[in-house]
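Structure record follows, encoded as structure tokens.
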There are 4 protein chains.
Amino acid sequence: MANDPIGNTRWAIAEGYIAAWSHGPAPEFTSHETACILNTSDREAHVTITIYFSDRDPAGPYKITVPARRTKHVRFNDLKDPAPIPHGTDYASVIESDVPIVVQHTRLDSRQAENALITTIAYPAK
Amino acid sequence: MANDPIGNTRWAIAEGYIAAWSHGPAPEFTSHETACILNTSDREAHVTITIYFSDRDPAGPYKITVPARRTKHVRFNDLKDPAPIPHGTDYASVIESDVPIVVQHTRLDSRQAENALITTIAYPAK
Amino acid sequence: MANDPIGNTRWAIAEGYIAAWSHGPAPEFTSHETACILNTSDREAHVTITIYFSDRDPAGPYKITVPARRTKHVRFNDLKDPAPIPHGTDYASVIESDVPIVVQHTRLDSRQAENALITTIAYPAK
Amino acid sequence: MANDPIGNTRWAIAEGYIAAWSHGPAPEFTSHETACILNTSDREAHVTITIYFSDRDPAGPYKITVPARRTKHVRFNDLKDPAPIPHGTDYASVIESDVPIVVQHTRLDSRQAENALITTIAYPAK
């Protein structure tokens, strides 16, 4: 197993859009965007997410804790504090952590009967 | 929130193809390619996009402004000046900025009843 | 052909989720997650995969051998020793090798009549 | 427009699989894998592709020319010399060039009525 933690402490996801409606049984088939976070270190990761919009100031920080040697798949739909992210709106996000983490971005779009799925590694900032 | 700007000043997307037709209500379900641009800096980003083709000289520069601490999701379909990008044609793009930005590429293909979606981080050039 | 091996010796995939059910003929249309591994070197690659969960200690190492100058597309569904990976559960993975390899992540989700496919390059750790 | 060429001279795509059958009108909806290559330089790029398999020696080199300041979207289905790539078979590829290029990987899977699309930036080798 890994001896030293993998990843970066700052990541960016330039794409963000929570589809405004869904088909199929919740929560599996609810339209959502996810930041999959992996913390391979031996220390708890204190993660903050900042949300950027096209037409107003950034929102956040949203605070998340990922325990040591755990993964957490954070649905942007579930971020409530300081404010929920509006649906049907373009956004982007910056994820920062006090220990190295790895971030991957996924979207499930279930606006139609057959789902569409996308994923990409996030951008690891220097 | 981020203290120093995240990203690179040159990016490339080797894939480009705007499907020639669409299904479903516009504009959400119109087939499109998007460059999602995030500007975390405190300065307005002056962005230029150059489009490369398989059989003729590059087109552009297409000029876009992304305000400080904002994201802009640019649909290639909407680029009109100096000339619209033809549909059903292979292309690629280079995105350059005077401040660091992050670029992610997304395509919605709605040629069929059920959409297909793809995304990837763009290539950050040195 | 390549003279020196391409890649890194540590990779991470922060996203992992094997859909709990499938449509269509097996094995092509069975819902699965895959780590596509490329070994361009002249030496056999001894690869270990460690699986991280949200709520318990990591599992592994799962051991895989990729012969010299070969690719192996490893389905996480097929990992059995020391224990199968549960379906319908969030996980993440770290892939380590004694020679440089390249890792790409793919998921086929066939829970519905029409499949969804995703892919991304994995995160190459330093 | 770009003053110096963007990219790397060696790239790898660990995933490769040409679906064995297709739905819909050819060639747009024929199942295919594509390497989208962008050459922003002022010199013609002489590109070679080597294909790696799971159970036999690599095939190639497949030779492709991408003119200066052009993109070429190469369908692996169309590679014929020295031998076509078998369908329904796992493979991986290494793309090498004498000038810097950018490579992105895309697959259209039209085995079902509704297509699935995937894309990712390829792995830029040092």
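Along Cα→Cβ at 7 Å, what distances in nm separate the B:GLU44 label point from those on the other copies, shortest first?
From this label point to the equivalent ones elsewhere in the assembly: 4.5, 4.5, 6.3 nm.
Name the trypsin sites (Lys or Arg not before Pro) in the stretch B:25-102 that are in a loop by DSSP and that have at most 16 other C-beta atoms within 10 Å, would you?
B:ARG43, B:ARG56, B:LYS80
For A:LYS126, list the lysines whose Cα falls under 19 Å from its own Cα; do not include residues on the same chain fewer than 8 positions away.
B:LYS126, C:LYS126, D:LYS126
Between D:ASP57 and the same site in the other copies, what are the distances in nm, shortest first, taking label points 7 Å from Cα along the C-beta direction?
Ordered by distance, the counterparts are at 4.7, 4.7, 6.7 nm.
Accessible area lost on pairing B with D, both sides, 1.4 Å probe, Å² to nearest 100?
Working: alone 7370 and 7370 Å², together 11900 Å².
Rounded to the nearest hundred, the buried surface is 2800 Å².
Expressed as a whole number of Å, what is the distance separating the alpha-carbon centroids of the stretch C:27-98 and the stretch B:34-67?
Between the Cα centres of the stretch B:34-67 and the stretch C:27-98 lies a distance of 39 Å.
Stick to the Cα atoms of the stretch B:30-96, pair each with every other, and give me the Kirkwood hydrodynamic radius in Å at one decimal.
Working: mean 1/r = 0.0790 Å⁻¹.
Over the stretch B:30-96, the inverse of the mean reciprocal pair distance is 12.7 Å.
Placing the label point 7 Å from Cα along the Cα-to-Cβ direction, what are the distances from B:LYS126 to the equivalent spots in the other copies, shortest first, in nm to one decimal?
Nearest to farthest, the other copies are at 1.1, 1.1, 1.5 nm.
With a 1.4 Å probe and all protein chains kept in place, how much accessible area does B:HIS87 have, in Å² rounded to the nearest 10?
Approximately 90 Å² of B:HIS87 is accessible to the 1.4 Å probe.
Rolling a 1.4 angstrom probe over the protein heavy atoms, how many square angstrom per residue are accessible across the stretch C:28-101?
Heavy-atom SASA per residue in the stretch C:28-101 reads 38 Å².
The values are calculated or read from the model by the stated rules, or taken from the named source; none is laboratory data. Everything numeric here is computed off the predicted structure, so don't read it as measured data. FYI the Cβ positions are ideal-geometry reconstructions off the backbone, even for glycines, and counts take in every protein chain you see. Just so you know, the surface numbers come from the protein's heavy atoms only, side chains and all, with ligands and any DNA or RNA stripped out. Shrake-Rupley method; radii C 1.70, N 1.55, O 1.52, S 1.80 Å.
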